[in-house]
Amino acid sequence: MKNVCIFLECPFSLQVWTRVRALCGMDNIPPRLEDAIIYLIPLSKGGSASSVISRLLLAATCYSIWHERNSRLFKKRLKSYTQVFDDIVTIVRLKILSFRFTKNSARIRRILDTWRLPGSVIIASSSTT
């Protein structure tokens, strides 16, 4: 389990994960990968936007930390934890843009505000088939 350190528990990863957790409202769970997975298991069957975004955030975080680790080891390039966090936000924002929001609910508007996305991504109900 020594390699688990790179995912969320070493100081660098923990700084990234702390910011990600705050962004998606998971700051009440401990900062361990196992705890994040346990938290997300009940959401894994849900198709709501917040459920999908939570899973995307975990995947993007693990990928970005792994990518940063490889860049440091093999390319000798270093990013700050803020830069890695910004990469995660960009990955998730771009994916959210591909969602088909058909309801203009308060929850959807909060998601769009959180991710600084325009309301124009909501598709009017009458235009869907």
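Quick notes
Yes or no, residue by residue, for (1) of a type in the set (A, V, I, L, M); (2) buried (at least 16 other Cβ atoms within 10 Å of the Cβ); (3) more than 21 Å from Thr18 (Cβ to Cβ):
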| position | (1), (2), (3) |
| --- | --- |
| Ile41 | yes, no, yes |
| Gly46 | no, no, yes |
| Thr61 | no, yes, no |
| Leu73 | yes, no, yes |
| Ser80 | no, no, no |
| Val89 | yes, yes, no |
| Ser98 | no, no, yes |
| Lys103 | no, no, yes |
| Ile108 | yes, yes, yes |
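- Conditions (1) under 24 Å from Asn28 (Cα atoms); (2) basic (Lys, Arg); (3) part of a loop (DSSP other than H, G, I, E, B): number failed by Arg107: (3)
- Meeting the requirement of 3 or more residues that are in contact (Cβ under 8 Å) with a residue 60 or more places away in the chain, the helices (runs of 4 or more DSSP H) wholly within segment 1-97 are 11-24, 49-70, 81-97.
- Only a single criterion out of (1) within 12 Å of the chain's Cα centre (by Cα); (2) at pLDDT 90 or above is not satisfied by Asp113, namely (1).
- Residue under evaluation Leu33, criteria (1) crowded, with 16+ Cβ neighbours inside 10 Å; (2) over 17 Å from Cys10 (Cα atoms), criterion not met: (2)
The values are calculated or read from the model by the stated rules, or taken from the named source; none is laboratory data. Bear in mind that the values here come from a model prediction, so they are computed numbers and not experimental data. In this analysis, Cβ positions are derived from the backbone assuming ideal geometry, glycine residues included, and neighbour counts consider all displayed protein chains.
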